Each structure stands twice: as C-alpha cells, then as structure tokens.
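The values are calculated or read from the model by the stated rules, or taken from the named source; none is laboratory data. Computed from a predicted model, the values in this text were never measured in an experiment. Neighbour counts are summed over all protein chains in view; Cβ atoms, including those assigned to glycine, are modelled from backbone coordinates with ideal geometry. Note: areas computed on protein heavy atoms with side chains; ligands, DNA, RNA excluded. Shrake-Rupley method; radii C 1.70, N 1.55, O 1.52, S 1.80 Å.
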Amino acid sequence: MSSTLDKPSRTFPPLYKSTGDVSVDQLAFFHILEKLKTQKRTGWIDHNVPGPESISDHMYRMAVMAMCTSDATLDMSKCVMMCLAHDLAVGDITPRENISREEKQRLEAEAMHNFIHDMLHDSPAAQRIEAFWREYEDGSSPEARFVKDLDRFELASQAFEYERDHGKKNLQGFFDSSLPYLQHPEVKQWGEDLAAERERLQASQAQSS
C-alpha cells in the first residue's frame, strides 16, 4: 500500500507573464492573493482534517499574535508585515511532498521574483515585500527569528484545535516539529502553556472514555 510519502510532488502553476501594463499586472498580483485565501494548508489535507485552514488564515493569526508580544525590543510593525509576507511565494510546502530544501528555495525565489518584477514592476511596495520575505527566509534579524517562532507556534496551536474539535489522534508530528524548536522566551512560554492545555485535554478525554 502506498503512503502519503510516496505521492508525487505537487505541481505549480506557470509563472505570470507581464503585459507591460502596470495597472493590469498589479491587479494580477491582487488576484494571486485571493488564491491564498482559498488554498488549504497541505499538512492538514494530508491528515484528512475537515475544513482545514487556508494559507491566509495561517498568516493572519500569526500577524495578530505578533501584535500580542510584550517584547519592546522588537519592531512590532515589521513583525506583522513579515507575518503577512512569509508564505506569499508558493504557500506552504511540507516535508511530506518530496520536495528538497534546495528545490523549495528555488521555487519560492522564482515565484517572488515573478511577483516583484513581472507583477509589481519593482515598485517601492514590491521592494518592501521582497525585503520582508528575504529577511524572514534568512533569519537575519530578531524580528525574523521571532516570526519564525510564531510560525511554529501557530502550527502547534492549530494542531491542538483540530485534535480538540475533530478528535484527531494523529497530529503528534506537528507538535514534534514545532514546540521543541521555539527560541524566543515569550513564544516559548506560550508553547509551554499550549502543551499544558493539551495535557489537560488528553487527561480529561482519558477519564471520560
């Protein structure tokens, strides 16, 4: 029997071809954003979660979480914008998709180049989006590393909520790949609080079964 690990890699749509008309190409970028509202996160689809979140759902909650930090050393506005830019390129690619890290980086860089140059014509706004995305990818600032931790924590939060709301019993891998890697003290505490909440839920479920 084949497993999800054996399935072929996802295919990606062809890159956008610029019309040369700034207005037309910018609208094309705005339409791309609509796809992020409707494209479901791959990991949840693989685990047959009903009605899974979209990529935009994930980025939105990360952005609000960023606003909740008490760390005054961070540029909160930068963190929020980085949350909203980090998955723009090709959405989420999971390890289960048989796409190497190098190929993932190539696909994301190619898609971002397409957005910046062919759709947004290297405008100041385009350069700002690219700068936030690159900073996140490189982990080159405290804000970027904080947002990476938010990415991990949001994933674990969603996994917990699917376990709680849908009785999903096979989501341990999402916790294993996220919570142990949290570094920012505040987000790490959030992760510990979430783990404790999960333990309480599991204990309650065990008592009632």
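Across Y162, Y16, Y60, the residue with the most accessible area heads the list, and the full order at a 1.4 Å probe is Y60, Y16, Y162.
The peptide list 104-117, 140-153, put in order of mean Cβ contacts within 10 Å with the highest first, becomes 140-153, 104-117. P(r) tail for region 71-209: Cα pairs beyond 28 Å make up 30% of the total. Rolling a 1.4 angstrom probe over region 82-209 with all protein chains present gives an accessible area of which 49% lies on carbon and sulfur atoms. The distance linking region 165-205 with region 142-162 is 11 Å (Cα centroid to Cα centroid, whole angstrom).
Spacing of the modelled spin labels on L27 and Q207, each 7 Å from Cα toward Cβ, amounts to 6.0 nm.
Just to verify a number: FRET efficiency for S18 and S141, C-beta to C-beta distance, R0 = 22 Å, to 0.05? According to the calculation, E is roughly 0.10.
As a calculated quantity, the FRET efficiency between A131 and D176 at R0 = 30 Å, using C-beta atoms, amounts to about 0.40.
Fully extending the segment from S77 to K169, taken as 0.36 nm per residue of separation minus the present Cα-Cα distance, adds 29.4 nm. Hydrophobic long helices, here whole DSSP H runs in the chain with Kyte-Doolittle means of at least -1.0 and Cα atoms spread over 20 Å or more along the helix axis, are found at 22-38. Ranked from largest to smallest solvent-accessible area, with a 1.4 Å probe on the protein heavy atoms, C68, C83 come out as C68, C83.
Fully extended, how many nm does the chain gain between M67 and A195 (0.36 nm per residue separation, minus their Cα-Cα distance)?
Values: separation 128, 0.36 × 128 = 46.08 nm, distance 2.19 nm.
Going from the current span to full extension adds 43.9 nm.
Using the rule -39500 (n - 2.57) for each DSSP H run of four or more residues, divided by the residues of the chain, the 222 nm mean residue ellipticity is -19500 deg cm²/dmol.
Would you please give the FRET efficiency between E161 and Q183, computed as 1/(1 + (r/R0)^6) with r the Cβ-Cβ distance and R0 = 25 Å, to the nearest 0.05?
Working: r = 23 Å, r/R0 = 0.93.
That gives a FRET efficiency of 0.60.
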